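Accompanying notes for the structure given below.
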Amino acid sequence: MPNKDKIEAKTVQESMVESTDIVHPSDSNSYGFLFGGHLVSLMDKVACTAAFKHSESKVTTVSIDGIHFLRPAPVGTVLTIRASVNRSFNSSMEIGLSVSAWKPGQKSEAICRAYMTFVAIDDQGLPQKVPAIIPETPDQIRRYNNAEIRRKTRLELKEKLL
Ligand SMILES: CC(C)(COP(=O)(O)OP(=O)(O)OC[C@H]1O[C@@H](n2cnc3c(N)ncnc32)[C@H](O)[C@@H]1OP(=O)(O)O)[C@@H](O)C(=O)NCCC(=O)NCCS
């Protein structure tokens, strides 16, 4: 990957990703609602794209946490998945994800939230440095500050539990 020297800080906006999908019957459980594992797979791809855009490097998912399924989404629902880099560290990036669902005649509503951490890797699969992130809006600054606390917690949990 070509970015070894491209480590200038970037704004959150530069790597933000929004993707839409529709819930097909093959994506649903036996009750006709979106299967959680399918949604996580879609979210992983969108988050991966945000991490890739920020780092301009190969990336790999290293952890998924804080995942909450808030409401069911029936077949036919239009999903919007949004992902942005909350904070980058040395080689890792915390991506915040939110998913909303819409059906004709209904208001769009949040159905899922999560955090995914990606690590930028070189051609040998070893972690490599990523650009810093520049939070600009009040929400981006709040997420940036909270990402440090979440990172500390997830690394402590990994140390204690794995
Ligand atoms: C990602 C990987 C290359 C990291 O290698 P490693 O030997 O753990 O490297 P390090 O210990 O130096 O950690 C690298 C970074 O990952 C972070 N990290 C490691 N485990 C983590 C976890 N569970 N959650 C969040 N961050 C984590 C470290 O804090 C470090 O971040 P920093 O460089 O920003 O400080 C390696 O763990 C790996 O290849 N994992 C498999 C990934 C994969 O296959 N994903 C697809 C899912 S099927």
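Read the figures in this text as sums done on the coordinates, not as results from a lab. Everything numeric here is computed off the predicted structure, so don't read it as measured data. Neighbour counts are summed over all protein chains in view; Cβ atoms, including those assigned to glycine, are modelled from backbone coordinates with ideal geometry.
Going through the cross-link list Lys53/Lys129; Lys58/Lys129; Lys129/Lys158; Lys10/Lys53; Lys10/Lys58, which pairs have a Cα-Cα distance over 19 Å in this structure?
Lys129/Lys158
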Query raised in the report: How long is the gain from Thr20 to Val75 if the chain were fully straight, where each residue apart is worth 0.36 nm and the alpha carbon distance is subtracted?
Result: 18.4 nm
Report summary line: Largest fluctuation, Lys103, Lys53, Lys129 only, Gaussian network model of the chain with Cα springs under 10 angstrom, belongs to Lys103
Report task. Averaging sequence separations of C-alpha pairs under 8 Å and six or more residues apart, then dividing by the length of the stretch 66-138, give the relative contact order as a whole percent. Result -> 33 percent
Report summary line: The relative contact order of the chain, taking Cα pairs under 8 Å that sit 6 or more residues apart, comes to a percentage of 27 percent
Query raised in the report: Hey, what number do you get for the chain at 222 nm if only DSSP H runs of n ≥ 4 count, each worth -39500 (n - 2.57), divided across all residues, to the nearest 500?
Result: -9500 deg cm²/dmol
Query raised in the report: In the stretch 1-88, which chymotrypsin sites (Phe, Trp or Tyr not before Pro) fall in coil by DSSP and have 13 or fewer other Cβ atoms within 10 Å?
Result: Tyr31
Query raised in the report: Who wins for biggest fluctuation among Ser55, Ser98, Ser41 in a Gaussian network model of the chain, springs between alpha carbons below 10 Å?
Result: Ser41
Query raised in the report: Within the stretch 47-72, what residues put their amide N at less than 12 Å from the label point 7 Å along the Cα-to-Cβ vector of Asp122?
Result: none
Query - GNM top mover of Val62, Val130, Val46 - the chain, alpha-carbon springs below 10 Å - result: Val62
Query raised in the report: Roughly how tilted is helix 36-55, in degrees to the nearest 10 and between 0 and 90, from the longest Cα axis of the chain?
Result: 30 degrees
